[in-house]
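Report on the following structure.
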Amino acid sequence: MKLAVNYSDPVANLLRDQQIQIDYFKCPAWPDLVATVQKIHPTYVHFPLRVGAGIGDAIDTETKQLPDWNKVETLLNRTDTPLVNLHLSPTVQDYPNIPVDTTDLTHINMLVESMVKDVEAVARRFGSEHVIIENDHDFGNRHLRPAFLPEVICRVVEETDCGFLLDISHARLAAYSLGINIHEYISALPVSRIREIHITGVQRLEGHWIERMLQAGVDAFIIQRFTGRLVDHLPMTGKDWDLFAWSMEQIHSGMWKRPWVVAFEYGGVSSLHAAITEIDVLANQIPQLYTLIKEG
């Protein structure tokens, strides 16, 4: 089981100075950046692909268009990326006539069919053994709630025969919005098909973090939209450490399938992620994660 960390200049500096030990950088699907990062350390790519619109394909969330599959294949071949990741994220824009919090079984079954249709198209291209489905969360009432119900995620994974990317922080946010105990929520996900895990801290976006974002010139609309909300991609807190330690116990004991990599998604290269990246946090938290991941 490997440890990856979102690429950022601060984490690269820590690695260069031998203050941390990691196995991989995790990098966005930006070819020029990937080419640069690969010269520093082994690198794998996380793709901005979502499924659930029911169009028989994925959508690139950066371009808002169909994916450039040639670009995806090139990045797969040029990096240490074994899997194509898909975010399970049907949006209210995809289905304007379906309430965001629908419990109607007709709606839910239609959404499952749409998600399966999109995933299967990608699986036909790459093989289901090379595709992983990531659990998402209620992103400001943009994603339809059925998409992060454990039973729905299990259905899509099972019907497409793909792997599962467990994002622990997404699970925390989803369980919170659903009013479900987090341990019960994660245990109900397809943990026997885990291929990859993501972890960050979940905190309320306020105070210190707002000040850093303002100083960095982050778009005011983004700040206003998320101020006061629980968000991920922040430093680990006590609750995050407890949940991650429990998750590692499940893996080390054989209760869950062992992933090929665990990625710490704090820090990054976008203006937003760079604004909240603190080198002291990275220097303190990465070694703790490394120990928890490797000790089993």
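Below, the figures for the structure above:
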item: In order through the range 79-84: 3J(HN,Hα) via Karplus (6.51 cos²θ - 1.76 cosθ + 1.60), integer Hz, x for Gly, Pro; result: 10, 8, 9, x, 9, 9
item: Tilt relative to the chain, helix 168-178 - C-alpha long axis, 0 to 90 degrees, to 10; result: 50
item: In sequence order, calculated HN-Hα J values of the range 266-282 (Karplus, 6.51, -1.76, 1.60; Hz; x Gly/Pro); result: 8, x, x, 10, 5, 4, 5, 5, 5, 5, 9, 8, 10, 5, 5, 5, 4
item: Interchain or long-range residues, amide H under 5 Å from F47's placed H; result: N85
item: Straight-distance crosslink candidates among lysines, where the alpha carbon sits under 17 Å from K39 and sequence neighbours closer than 8 are dropped; result: K26
item: Part-to-part distance (alpha-carbon centres) for the range 1-77 and the range 182-235, which is given in Å; result: 19
item: Contact order relative to length of the range 49-192, as percent, for alpha carbon pairs under 8 angstrom and 6 or more apart; result: 25
item: Extended-chain gain in nm, criterion 0.36 nm per residue less alpha-carbon gap, W69 and I223; result: 52.2 nm
item: Directionally averaged shadow of the range 49-192, computed from the convex hull of its alpha-carbon atoms, nm²; result: 8.3
item: Proximal lysines relative to K64, as straight alpha-carbon distance under 20 Å, when same-chain residues fewer than 8 apart are discounted; result: K117
item: Estimated 222 nm signal from helices in the chain, with DSSP H stretches of n ≥ 4 weighted -39500 (n - 2.57), rounded to 500; result: -13000 deg cm²/dmol
item: Antiparallel content of DSSP bridges confined to the chain, in %, to 5; result: 20
item: Sequence-distant residues sharing a close amide H with T91 (under 5 Å, placed H); result: L144
item: Rg to Rh, two decimals, where the range 24-98 supplies the alpha carbon set and Rh follows Kirkwood; result: 1.05
item: Distance in nm between pseudo-label sites at I180 and S253 (7 Å out along the Cβ direction from Cα); result: 2.0
item: Spherically averaged projected area in nm², based on the convex hull that wraps the Cα atoms of the chain; result: 14.5
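Readers should treat all values here as calculations from the given coordinates under stated rules, not as data from a laboratory. As the structure is a computational prediction, the values presented were derived from the model and not from experiment. Cβ atoms come from the backbone with ideal geometry, glycine included; neighbour counts cover every protein chain shown.
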